[in-house]
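To start, the structure itself, in structure tokens.
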Amino acid sequence: MPHVVTDNCNSCRYTDCVTTCPVACFHLSDERAYIDPEVCIDCSACIPACPVHAIVESIDLEPEQQHWIEINAREAKRYPVVSGKLPPLNGADARRSELGY
Amino acid sequence: MLDFTRAELGTAGNPLKVAVVGSGPSGFYAAEALLQSRLTVEVDIIERLPVPYGLVRFGVAPDHAKLKSVTAVFQGIARDSRVRYFGNVTLGIDISIHQLTEMYHGVVVSTGASGDQRLNIEGEELEGVHAARDFVGWYNGHPDCASYHFDLSQEIVTVVGQGNVAIDVCRILSKSVDELRGTDIAEHALDALAGSRVREIHLVGRRGPVQAKFTSKELRELGTLEGWQPVIDPKDLELNAASLEELNNPNLANAKKNFEILKGFAEKPLDGRRPLYLDFLQTPVSLSGDHRLRAVTLERQRLEGDALNQVARATGERVVRPSGLLFRSVGYRGKEMPGVPFDDKRGVIRNKDGRVVDASGQRFPRLYTSGWIKRGPTGIIGTNRACSVDTVARLIEDLPMLEAARPGRNALTEYLGQRQQRVVSFADWLSIEQVELDRGRERKKVAEKLVSVSEMLAATDVAERAAA
């Protein structure tokens, strides 16, 4: 089951996930990250790496999160692969504490 | 004398020459990190076996094919024109660490954790008591393990450990041969498993369901076995206050998920499938039998301490359970190599952020380490990518200290040639792989691995003759 990046990544984009990805399946927009489901090998290494718990294996998605499967598949095609860590977005730490992590 | 004519290290005309020892994930990701730096580099990957990929080939279970597909990434790295693969070359036997640091600007040791942690209890030397990693190596066709024998005529098996390796062992023991037949599991393992009489498995660990290290993904898979049912004593799911606190810690999402899965297992009535008991808060204290294992004495544990710092303490309550086969899976452990500072307590190369240091903190010039031999056997394939990226960043920071000229690949090739070492190139590996794929096709399997070094070398000879 593919892994997907959900809401919490918005305005954070910590990118700790991309260094742990063994197959370079993360694509980054200016706002957030997406996983290419055709490249992801479902290893789950990225899940504990995300400081804001944005990454979920699709089998664990809540019903109201299901749309992220399609969004990741679609948006990953639009943005370039990033496989090295970047600085988080401005305000990421504030959003992180807002999210309770 | 200063050489003012030489270009800066890491630029065209003066490439940074690095040897990476080990071709598992951490080795390949160290190579990748060097390739992705903006430097001009020359990277040589040195591997003890003829075949690459370390624990992806010999550790990842054969029924986890998708995970194994990461080898496509490694192949891409190996095929980069700046990389050369030297298979069948053993550090410490065919070449010393000292020689490598004379030949290369930097050396990254990424040899993984090739030993295992013992239980250190009475009876551990009995026949029928094994390291899980030997069993894993056996079913994955590791040349060191191909001739091992596991007595699968035993009916009750104990697996000690609370991590993914322990689960892998349980799953391979409990899947039917038909479920495994199409994978790249070694033929000798498939034959032995076909005659298995195992009908009861106990997965035993000293800690509770909230502390177990399984990833949810692996745990969940135990609920999907055709012929086996995971069984849990509901009492084990009654948590103390500290465990409840851990369960509600937002940073321990895996524990919460595991607990939900375990609750689901516990709620299912027994349905006649064979039982795979998940026994928490128990630890083996002695093993008994005549010359071979007959029984395991287990002692009930109780968790004490604050949340996140709980330790399992013996309660004195003991039970003796018959068991004819036991696999210990309480951790892998790095092995010391000659000339390299080693922390025997942790089973890792002494290092500070990947820079190798001795016991007094003195740098070992040019020597770096990454992966499990650097930080211990935790984390999965991708965790090692982040680890190797960090180590290579330290190496690149040190560039001014690494400037002295080094002959690199030419010197290694020449030296191994003089020794008449049979070096396996990456092209040779691809011909070994082709043989394995062809043999697999005949047997309707993904691949049939060659399980001895001599067979592997013979496969490259055949390919060379065909090309000549």
Which strands (runs of 3 or more DSSP E) does segment B:63-175 wholly contain that include 3 or more residues that are β-branched (Val, Ile, Thr)?
B:106-109, B:156-160
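Conditions tested, residue by residue: (1) within 24 Å of residue B:169 (Cα to Cα); (2) in contact with a strand residue (DSSP E or B) (Cβ under 6 Å, 6 or more places away or on another chain); (3) more than 14 Å from chain A (Cβ to nearest Cβ); (4) touching a residue at least 12 places away in the same chain (Cβ under 8 Å).
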position: B:203; (1), (2), (3), (4): yes, yes, yes, yes
position: B:208; (1), (2), (3), (4): yes, yes, yes, yes
position: B:228; (1), (2), (3), (4): yes, yes, yes, yes
position: B:249; (1), (2), (3), (4): no, no, no, yes
position: B:289; (1), (2), (3), (4): yes, no, yes, yes
position: B:305; (1), (2), (3), (4): no, yes, yes, yes
Check B:44, B:116, B:80 and return the single one that is more than 30 Å from residue B:331 (Cβ to Cβ), buried (at least 18 other Cβ atoms within 10 Å of the Cβ), touching a helix residue (DSSP H, G or I) at 6+ places or on another chain (Cβ under 6 Å) and touching a residue at least 24 places away in the same chain (Cβ under 8 Å).
B:44
Do the conditions hold for residue B:417, that is, is it more than 30 Å from residue B:288 (Cα to Cα), more than 22 Å from the chain's Cα centre (by Cα) and modelled with pLDDT under 95?
no
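Table: residues versus (1) at pLDDT 95 or above; (2) surrounded by 14 or more Cβ atoms within 10 Å (Cβ to Cβ); (3) more than 14 Å from chain A (Cβ to nearest Cβ).
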| site | (1), (2), (3) |
| --- | --- |
| B:336 | no, yes, yes |
| B:345 | no, no, yes |
| B:357 | yes, yes, yes |
| B:371 | yes, yes, no |
Checking the structure you have, find out if any residue of segment B:161-175 is of a type in the set (A, V, I, L, M), over 26 Å from residue B:379 (Cβ atoms) and either in the same structural domain as residue B:132 (by TED's automatic domain parsing) or at pLDDT 95 or above (or both).
no
Does residue B:386 meet the test of being within 14 Å of another protein chain (Cβ to nearest Cβ) and in contact (Cβ under 8 Å) with a residue 60 or more places away in the chain?
no
Somewhere in segment B:247-264, is a residue under 15 Å from residue B:160 (Cα atoms) and surrounded by 13 or more Cβ atoms within 10 Å (Cβ to Cβ)?
no
I'd like to know if segment B:120-138 contains one or more residues that are among the polar types (S, T, N, Q), free of Cβ contacts under 8 Å to residues at least 12 places away in the same chain and closer than 23 Å to residue B:377 by Cβ.
yes
Just for segment B:267-294: of the residues that are surrounded by fewer than 17 Cβ atoms within 10 Å (Cβ to Cβ) and among the hydrophobic types (A, V, I, L, M, F, W, C), which one is nearest to the chain's Cα centre (by Cα)?
B:285
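The values are calculated or read from the model by the stated rules, or taken from the named source; none is laboratory data. The shown structure was predicted, so the numbers you read here are calculated from the model rather than taken from an experiment. Positions of Cβ are backbone-derived with ideal geometry, glycine not excepted, and every protein chain shown enters the neighbour counts.
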